[in-house]
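The values are calculated or read from the model by the stated rules, or taken from the named source; none is laboratory data. Everything numeric here is computed off the predicted structure, so don't read it as measured data. Methodologically, a virtual Cβ is constructed for each residue, glycine included, from the backbone with ideal geometry; neighbour enumeration extends over all protein chains shown.
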Amino acid sequence: MIGKQSYQSWTISDEFWEVIKPYIPIHQREANKTYKRKAGGGRKPPDYRIILEKILHVLRTGCQWKSIDKGSNIHRYFQLWSASGFFEALWAAGLYEYDELKGLDWEWLSHDGCTTKAPLAQESVGPNPTDRGKKWNQKKRIH
């Protein structure tokens with residue numbers, strides 16, 4: 001397990017935290033659900049700042065969720081926040097702020113979601129090495 005000291009390089013500054021804190025999705029009780037405890041009972045709410053720091057640590061380092069302290073719980077928050085649009089809202093807010101500070105040249109931006117194989121690649125490099133030994137492909141080869 002990674003100790004708390006390892007997260008020091010991933011800590012969020014107080015200034016940045018104050019900017020992003022309003023975007024953090026806060027769990028709300030469902031109105032039509034019956035609960036055993038009164039509102040406010042049970043566990044104390046977690047420190048969302050530490051949760052976000054651990055999420056950023058995993059995203060920056062590429063380590064596994066289970067390698068950090070309380071990783072499965074942190075991963076659950078990552079999934080909940082992703083589904084709620086938190087990271088997209090955070091990105092949009094950062095993009096807007098950068099546009100205000102530096103300005104974005106929107107004429108030079110492009111977006112293309114098409115990813116395909118290069119049509120002439122097989123002629124120059126040959127078949128994919130993982131497909132060379134496939135039985136269905138061996139019948140097509142000319143020896």
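Quick notes on this structure:
- Test: residue in the stretch 62-78 that is over 17 Å from the mean Cα position of the chain (by Cα) and of a type in the set (D, E, K, R): yes
- Tallying residues that are at positive phi and at pLDDT 85 or above within the stretch 63-87 yields 1.
- Answer residue from the stretch 1-47, given it is assigned to a loop (DSSP other than H, G, I, E, B) and among the hydrophobic types (A, V, I, L, M, F, W, C) and is modelled with the lowest pLDDT among those: Met1
- Residue count, the stretch 48-86 (criterion: touching a helix residue (DSSP H, G or I) at 6+ places or on another chain (Cβ under 9 Å), assigned to a loop (DSSP other than H, G, I, E, B) and either of a type in the set (Lys, Arg) or within 21 Å of Glu18 (Cα to Cα) (or both)): 1
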